[in-house]
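What follows is one structure encoded as C-alpha cells, with my remarks underneath.
The values are calculated or read from the model by the stated rules, or taken from the named source; none is laboratory data. What you see is a predicted model, and the numbers here were worked out from it, not measured in a lab. Every residue, glycine as well, gets a Cβ built from its backbone with ideal geometry; the counts of neighbours run over all protein chains shown.
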Amino acid sequence: MKRVPCTLNPAHVLLKVIDNAKQQLNTFSVQSLPAGRVKRTMKIGLIGLGFMGGVHLAAIERTGNATVTAVSTRTRPVADGPPRGNLHHIKTAALPDHVRWEPDWRQLLLDPEIDAVDLCLPTHLHKEVVLSALKAGKHVLCEKPMALTAADCDAMLKAASDSDRCFMVAQVLRFMSPYRYAASFVRTAPRDSLKSCTLSRKTGYPKWSEWLSKEEQSGGAILDLLSHDIDQALSWFGQPVSVRAVSQGEIDTMRGTLHYADGFEVKIEGGWFAPEVPFSAGFEIAGQESTLSFQEGKLQQLLPSGSQPVTLPENDEYLDEVAYFIECCEKNRAPELCPPSESAQAVRVANLLKASREQNGKDVPCKI
C-alpha cells in the first residue's frame with residue numbers, strides 16, 4: 001500500500017493524538033479492568049514468596065474477589081515478610097496467618113479448592129511448574145519473563161492451548177498508566193509523524209537476590225530486566241526485521257536497536273550497573289516537532305514552545321494486572337491485553353539481542 005505523507009502541522013497532529021490517547025486510556029480503564037461483583041472468592045495458590053511474590057500477594061488481597069489460600073516456598077515464610085528488592089515504593093505484604101504453607105509446590109497443585117496459581121519463581125523453573133499447573137487444571141499467572149528459551153515458551157504455549165485454562169504472563173508495564181497511554185498514542189499517531197523511540201531501564205546489580213545474578217537461572221539483565229521494554233516495543237511497533245546490541249557498562253548492560261522495514265528504529269538501553277545505581281525507567285517517543293517523554297515518573301509533551309504535563313488517572317499496576325487475570329479466569333477467556341504469545345516473542349527478541357551483544361553489535365536478523 002502506498003504511504004500518503006502527513007501534510008498537517010506535526011504539532012497539531014500530536015495535540016490531536018494526545019487527546020485521543022487520553023480518551024482511549026480512560027475507556028481502557030473502565031472497560032478492561034472492572035470492579036464487578038463475583039459469585040465467590042477465587043482461591044489462589046502462590047508459588048514463590050520472594051520480593052515479587054510479596055508484591056503479588058498484596059495485590060491479590062486487595063482485589064476483594066480473590067484470596068491466597070496456600071503458598072509454596074522452600075522454607076517457611078518469616079513474619080517480617082519477603083525481601084524488598086529494588087523497588088521500595090511498591091506495596092508488598094507478609095504472609096497472613098490463615099494461609100497454608102506447602103514446602104513442595106506439587107502438593108499445592110493437588111488441592112482441588114485452589115482455582116489458580118500465581119508463579120513468582122526464578123525463571124528457569126517456570127516451564128516445569130506452568131506445565132504441571134495447567135495439567136492439574138489450574139489457571140496460571142506467571143511472572144515475566146515467560147521462560148529462558150524460545151523452546152520452553154513454545155512448550156508452555158502448547159500446554160495452554162491444549163487446556164481450557166487461562167494462562168497469562170505478568171507483563172506489568174501493560175497495566176501501568178504511562179505505558180498504556182503511550183500504546184494509545186502510538187496506535188493513534190500517523191507512522192510518518194514518528195521519528196524514533198527510546199526506552200530505558202537501569203538499576204544496581206541485584207545483590208539482594210540469590211538467583212538473579214546467575215544467568216543460567218535468570219537469563220541475565222537483558223531477559224530479566226529489559227524484557228519489560230522489549231515487550232513494550234514489540235507491542236507498540238510490531239516485529240523488527242533485525243536487531244543489534246552492544247554493552248553499555250561494566251556489569252550486565254545493553255544499548256540495543258530494533259530495526260524496522262520502513263527505516264524506523266527503537267532504542268532500548270539499560271541493565272544492571274554498579275550496586276549503588278538507583279532504579280530508573282522511562283521512554284521518549286519523538287515526532288517531527290514534538291516528543292512524548294516519560295522520565296522520573298513524569299509524563300510530558302515536549303514542544304518547541306516548552307513542556308506540557310500529561311495528567312493521567314492514578315492506578316496500581318499490580319492490582320490492575322492481577323484483577324484483569326482474575327476477570328479472564330472467571331469469564332474463561334484469553335488475556336487479550338496480555339497474550340502469552342507476545343510474551344514468548346519478547347523472550348525470542350531478548351535472546352537475539354543477547355546474541356548480538358556477544359558478537360560486539362553484529363546485526364542479527366529477526367526471523368521469528
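This table checks each residue for (1) touching a helix residue (DSSP H, G or I) at 6+ places or on another chain (Cβ under 6 Å); (2) modelled with pLDDT of 95 or more; (3) farther than 25 Å from residue 210 by Cα; (4) assigned to a strand (DSSP E or B).
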site	(1), (2), (3), (4)
58	no, no, no, no
61	no, no, yes, no
89	no, no, no, no
97	no, no, yes, no
101	no, no, no, yes
151	no, yes, yes, no
159	yes, yes, yes, no
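Tell me the residue from 133, 147 that is modelled with pLDDT of 95 or more, in contact with a strand residue (DSSP E or B) (Cβ under 7 Å, 6 or more places away or on another chain) and under 19 Å from residue 171 (Cβ atoms), please.
Unique residue meeting the criteria: 133.
In the list 276, 265, 317, 284, which residue meets the criterion of being in contact (Cβ under 8 Å) with a residue 40 or more places away in the chain, in contact with a His (Cβ under 7 Å, 6 or more places away or on another chain) and on the phi < 0 side of the Ramachandran plot?
265
Could you list, in sequence order, the residues of segment 162-187 that are over 21 Å from residue 298 (Cα atoms), surrounded by fewer than 21 Cβ atoms within 10 Å (Cβ to Cβ) and in contact with a helix residue (DSSP H, G or I) (Cβ under 7 Å, 6 or more places away or on another chain)?
Of everything in segment 162-187, those that are over 21 Å from residue 298 (Cα atoms), surrounded by fewer than 21 Cβ atoms within 10 Å (Cβ to Cβ) and in contact with a helix residue (DSSP H, G or I) (Cβ under 7 Å, 6 or more places away or on another chain) turn out to be 163, 165.
Is there a residue in segment 305-316 that is more than 30 Å from residue 254 (Cβ to Cβ) and within 21 Å of the chain's Cα centre (by Cα)?
Yes; the residues of segment 305-316 include at least one that is more than 30 Å from residue 254 (Cβ to Cβ) and within 21 Å of the chain's Cα centre (by Cα).
For segment 188-197, check the following and say yes or no: at least one residue is among the β-branched types (Val, Ile, Thr) and within 20 Å of the chain's Cα centre (by Cα).
No, segment 188-197 contains no residue that is among the β-branched types (Val, Ile, Thr) and within 20 Å of the chain's Cα centre (by Cα).
Among the residues of segment 133-176, how many are touching a residue at least 12 places away in the same chain (Cβ under 8 Å) and under 21 Å from residue 216 (Cβ atoms)?
Residues meeting the conditions: 15.
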